[in-house]
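Notes for the one structure printed next.
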Amino acid sequence: METNKSKIDQLLQKYKEGNCSLEEIEWLQHALSATDIGDQDAIDQAIVASLLQPSAAGKMSESRQKIVLGNIKKQIQQGTEERDKPKFSIVWPYWAAAACLLLFIFTMLLWQQQTSPVQADINLVRMQDTTGVVVKPGGNSATLRLANGTLLELDKQASGIVMGESITYENGKSIAAAALDKQGMAADPSKVVLELATPLGGIYQVTLPDGTKVWLNAGSSLKYPMSFAKNERRVSLEGEAFFEVTKDSARPFKVLSKGQEIEVLGTAFNVNAYPDNTAIKTTLVNGKVKLSNDKRYSEAIYLLPGQQSTNTNNGKIQLANVDTAPFTAWKEGLFYFDETPLSDALQQIGRWYNVEVKYKGEVPQTHFYGRIKRSKPLRDVLDVLEEGGLRFELSKSDEKNILYVRPL
């Protein structure tokens, strides 16, 4: 048993460095999943001790160890199965090691959030010592532009507003400064357009006149009328939003964004249509949506639950079956990475922490896995990503935080 334990220690070190050969990872997989080893608990403890800081390993509960070890074994087993597929055989060893290690680290970070607040404080101090810049997470923040051009700063202690005969916060408190254009409302409230906008690092919610709920992600805006017309409900989106549409068979609900139109009667879906993205991604959670764009209106696409459309600038729309959770987790306060490319992960992080991301040198084509709360300081998130073979430098220029990314 001691021989196995020693060999596991050696391979885990290579594993963390991404240098395990195919044969070594296969051996590691068999060792971790073996049921006939006399002292499996001792081997499991060796794994924990190798991959955790000593202080953290000592505090880990038995139930948490089982969860972490289960994740490791599961990912290595999946990697071995993927190796048998010819199209992945060349790149599998690096991918399997990176995927398993990153999933493990995310699991540990989630555990540390609940059991080791001191660790988070240490990370925060380290950021201060190296750069003098501490970047806190985003939060509730938005402005509301009225039809007459008045711009209102909304309460950061509130999470959203409710539209009706007047505008209130979700707790019922009136927005005192919301003096609406009485003449415009008297003429036709459906033509009185308001705009809710979130800055980078902001999130907010609005309940529309029909009861539809919309969550706006960071750096987004939604234009909508004070009252919907009799024959349809129409809004315009720039950025990202999650919609829970109230059913009304007599009035379709339409979302316009970058030349794309989504039409629904009552459903829940996410739209990612940031101006700097090359494509619009629409992810359907439940219900059914009809999707078209200004380049091919005659060829509407229908989405079913669990499907995502990718609408590129050239007018091509592709459909794929997806796990919707990674695309809607931001509404629940999570980063959810599931084989997420480095550029996409950093784009999400940049918008939420309001930092500009710049790359130094050739950055590896890394993918990330796992979940982490968006309420954590930026340093905590970067600590996780650095395990993927990256280093980050944070600086400040003209009141703008800049995050430099470079390989090890």
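Which of the chymotrypsin sites (Phe, Trp or Tyr not before Pro) found in the stretch 223-299 are loop residues per DSSP with 15 or fewer other Cβ atoms within 10 Å of their Cβ?
Within the stretch 223-299, the qualifying chymotrypsin sites (Phe, Trp or Tyr not before Pro) (loop, at most 15 other Cβ atoms within 10 Å) are Tyr297.
Between the DSSP loop rule and a limit of at most 15 other Cβ atoms within 10 Å, which GluC sites (Glu not before Pro) in the stretch 240-337 are left?
Passing sites in the stretch 240-337 are Glu299.
Of the cross-linked pairs Lys173/Lys331; Lys173/Lys223; Lys230/Lys331, which ones have a Cα-Cα span greater than 25 Å in the structure shown?
Pairs exceeding 25 Å: Lys230/Lys331.
Please list, in order along the stretch 260-276, the HN-Hα scalar couplings obtained from phi with the Karplus expression 6.51 cos²θ - 1.76 cosθ + 1.60 (θ = phi - 60°), rounded to whole Hz, x for Gly and Pro.
With coefficients 6.51, -1.76 and 1.60, one gets 9, 10, 10, 10, 9, 9, x, 5, 10, 7, 10, 10, 10, 9, 5, x, 8 Hz.
Taking H as built 1.01 Å from N, whose amide H comes closer than 5 Å to the amide H of Ile402, not counting residues under 5 places away?
Under 5 Å from the amide H of Ile402 lie the amide H atoms of Glu356, Ser395, Lys396, Ser397, each far enough along the sequence or on another chain.
Measuring from the lowest to the highest alpha carbon on each principal axis, how far does the stretch 190-308 reach, largest first, in angstroms?
35, 34, 25 Å, listed from the longest principal axis down.
Here are some pairs, Lys156/Lys396; Lys288/Lys373; Lys213/Lys360; which of them have Cα atoms lying more than 32 Å apart in this structure?
In this structure, Lys213/Lys360 lie more than 32 Å apart at Cα.
Could you give me the ³J(HN,Hα) list for the stretch 231-241, computed from phi with Karplus coefficients 6.51, -1.76, 1.60 and θ = phi - 60°, whole Hz, x at Gly and Pro?
Here the 3J(HN,Hα) series is 9, 7, 10, 10, 9, 10, 10, 10, x, 10, 8 Hz.
Could you give the length gained by full extension between Leu408 and Val193, i.e. 0.36 nm per residue of separation minus their alpha carbon distance, to one decimal place?
Contour length minus the Cα-Cα distance gives 72.4 nm.
Give me the log10 of I(q) over I(0) for the stretch 333-407 at q = 0.21, 0.27 Å⁻¹, as the Debye formula computes it from C-alpha points; what are the numbers?
-0.93, -1.55
Starting from the Cα gyration tensor of the stretch 284-408, take the square roots of the eigenvalues, sort them a ≥ b ≥ c, and report rounded, prolate or oblate (rounded when a/c is under 1.5, otherwise prolate if a/b is larger than b/c, else oblate).
prolate
Please turn the phi angles of the stretch 387-400 into ³J(HN,Hα) values with the Karplus equation 6.51 cos²θ - 1.76 cosθ + 1.60 (θ = phi - 60°), one per residue in order, whole Hz, x for glycine and proline.
In residue order, the calculated couplings are 5, x, x, 10, 9, 10, 10, 10, 9, 10, 9, 6, 6, 10 Hz.
Under the rule of at least 5 residues apart or a separate chain, name every residue whose amide H is placed under 5 Å from the amide H of Val289.
Leu303
Read-outs throughout are calculated quantities, based only on the coordinates presented, and are distinct from any laboratory measurement. All values reported here derive from a predicted model rather than from experimental measurement. Quick reminder, even Gly has a Cβ in these numbers, built from the backbone with ideal geometry, and neighbours come from all protein chains shown.
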